[in-house]
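The values are calculated or read from the model by the stated rules, or taken from the named source; none is laboratory data. All figures in this text were calculated on a predicted structure; none of them were measured in a lab. Heads up, the Cβs are rebuilt from the backbone with ideal geometry, glycines too, and the neighbour counts pull from every protein chain shown.
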Amino acid sequence: MLRFSTTRAVAAAKVATKPSSLRFYSQYPLSKTITLPTGESYEQPTGLFINNEFVPGKQHKTFEVLNPSTEEEICQVHEARAEDVDAAVDAAEAAFNSEWSLGDPALRGKALFNLADIMEAHKDTLTAIESLDNGKALQSAAGDVGLVIQYLRYCAGYADKLDGRLVETGSNYLNLVRREPLGVCGQIIPWNFPLLMWSWKVGPALASGNTIVLKTAESTPLSALYAAKLAKESGLPAGVLNIVSGFGKITGEAITTHPKIRKVAFTGSTRTGKHIMAGAANSNVKKVTLELGGKSANIVFDDCNVPQTIQNLVTGIFYNSGEVCCAGSRIFIQEGIYNEILSQFKAAAEAVKVGNPFDPETFQGAQTSQQQLDKILGYVEKGKKDGATLITGGERLGNKGYFIKPTLFADVTPKMDIYEEEIFGPFGVITKFKTADEAIALANDSEYGLAAGIHTENLNTAKYVSDRLRAGTVWVNTYNDFHSAVPFGGYKQSGIGREMGEAAFENYTQWKAIRVKIDEGNFS
């Protein structure tokens, strides 16, 4: 992660008290040998990946990447500025105007299948990089990498199935409707699932015949850069995939407003998503897909399977250290089972193993940054001040690394900050309800609509409630349960467009109608 701030102004203000996280190295290497906590070593690319080569930024600036579990520097990576984005876009545009977009789609599928195979061969290294860089538990990182490989294969299989069609309007016309790629796509991914979000963006874009300029999150660039190295090995043509590391206000802004980029996809906060949407409109009316914030409802009914529900609640809010956009952070428990669930949920939260991500038994690793840890602890104080009851947690764990105890508040009511605002950590808020309609009203009383959960043994209840929830994904008797074929995305201020499933390809294609007049009089 990046120490303290992503802005130049704040970094400069801190220079008097400690070294800035932004450094100037004219000869900083384009790769570095990194020794993992397991004792194994690997070669980490650190340059910008442009036109199938790792290169330094044109201004030769680098920034540090920290290990959230130890607060120590892992390495420096090269920083992209606007001129580097220009170079990446030029490479991507040249690649788009080639056989990549115009040739046999099966060749694109083959390249993605090759990439998935190579990533599978390197899955242990990718898993370790993700834990090292992000702070997430090794078991969570391994799950991410498995989903990445699965999704790339899913997209590869779709490459030659994105067909057009023939429209019949009578014998005097030939009407062809073609599905075509958009061109150069800008993609901006978050720090909570660096490699998984990389695959959700890269897979459908490449399968559709587009080319890419992708910006990593400044705090977690390492797995995407390593994946770029593997992409070159897979036979992906030069310029098709370009990776730039940098800061949102500089590199992200250059992508959002670039006149040659035809589409931008972003995963991150709603606030930043609004800014990107405005920039895309004001530049060249780019197509936009946004996967944004959430404050998802997780609803527990009296007739639930209690042991299964407790596990789903734990997965819903403590998985990936709670740094999940669709986390089940608003927990509604029906009054008949409230005390039993609250007691068992508290015990389960206190049993969650928090600590070294490389310990196979660890479920919750470190938060990704000091900033995120401070934000979570600030919401603990807000909850106490507003009169909610702290059930467990709410404290930093240890003195080194960004660890926090799993946190639960009860007696939480609407209009409390901890009820309304996305906290993005292992922090659940609990509210009691009486009827299904009351739970629906509470769940829908939010500007977010990314996901929801329902826990009941009654199919009628599950259907009734799921039909009425204003959320893009509703999980029943499970949570944070993804599949490559199932679309994911939000209602309301949780976003526009869908990731995964067939719906994802709509984000990266456009329709062209070709209408040919047939002069029947010319036939003899």
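Determine, yes or no, whether residue 353 is closer than 29 Å to residue 497 by Cα and among the basic types (Lys, Arg). Please lay out each step first, then the result.
Numbers: closer than 29 Å to residue 497 by Cα: no; among the basic types (Lys, Arg): yes.
When the stated conditions are applied, residue 353 does not pass them.
Tally up the residues in region 50-102 that are of a type in the set (A, V, I, L, M, F, W, C), over 30 Å from residue 178 (Cα atoms) and either in a strand (DSSP E or B) or out of contact with any Lys or Arg (no Cβ under 9 Å at 6 or more places or on another chain) (or both), please. Give the derivation first.
Of all residues in region 50-102, those of a type in the set (A, V, I, L, M, F, W, C) come to 50, 54-55, 63, 65-66, 74-75, 77, 80, 82, 85, 87-89, 91-92, 94-96, 100, 102.
Narrowing the set further to residues that are over 30 Å from residue 178 (Cα atoms) leaves 50, 54-55, 63, 65-66, 74-75, 77, 80, 82, 85, 87.
Filter once more, so that each one left must be either in a strand (DSSP E or B) or out of contact with any Lys or Arg (no Cβ under 9 Å at 6 or more places or on another chain) (or both): 50, 54-55, 63, 65-66, 74-75, 77, 82.
Within region 50-102, residues that are of a type in the set (A, V, I, L, M, F, W, C), over 30 Å from residue 178 (Cα atoms) and either in a strand (DSSP E or B) or out of contact with any Lys or Arg (no Cβ under 9 Å at 6 or more places or on another chain) (or both) number 10.
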Mind listing whichever residues of region 449-474 are in contact with a strand residue (DSSP E or B) (Cβ under 6 Å, 6 or more places away or on another chain) and either under 21 Å from residue 412 (Cβ atoms) or touching a residue at least 60 places away in the same chain (Cβ under 8 Å) (or both)?
449, 451, 452, 453, 454, 455, 465, 469, 470, 471, 473
A careful count of residues in region 212-257 that are more than 24 Å from residue 120 (Cβ to Cβ) and part of a strand (DSSP E or B) gives 4
Evaluation of residue 282 against (1) under 16 Å from the mean Cα position of the chain (by Cα); (2) surrounded by fewer than 22 Cβ atoms within 10 Å (Cβ to Cβ) (one fails), failing number:
(1)
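Looking at 411, 417, which one is surrounded by 14 or more Cβ atoms within 10 Å (Cβ to Cβ), farther than 26 Å from residue 478 by Cα and not assigned by TED's automatic domain parsing to the domain that holds residue 194? Full working, then the answer.
Numbers: 411 fails: farther than 26 Å from residue 478 by Cα.
Within the list 411, 417, the selection yields 417.
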Odd one out for residue 485, checked against (1) assigned to a loop (DSSP other than H, G, I, E, B); (2) in contact with a strand residue (DSSP E or B) (Cβ under 9 Å, 6 or more places away or on another chain); (3) hydrophobic (A, V, I, L, M, F, W, C)
(2)
Take the residues of region 272-302 that are touching a residue at least 12 places away in the same chain (Cβ under 8 Å) and among the charged types (D, E, K, R): which is nearest to residue 497 (Cα to Cα)?
291
Test residue 288 against the criterion of being assigned to a helix (DSSP H, G or I), surrounded by 18 or more Cβ atoms within 10 Å (Cβ to Cβ) and out of contact with any Cys (no Cβ under 8 Å at 6 or more places or on another chain), and give yes or no.
no
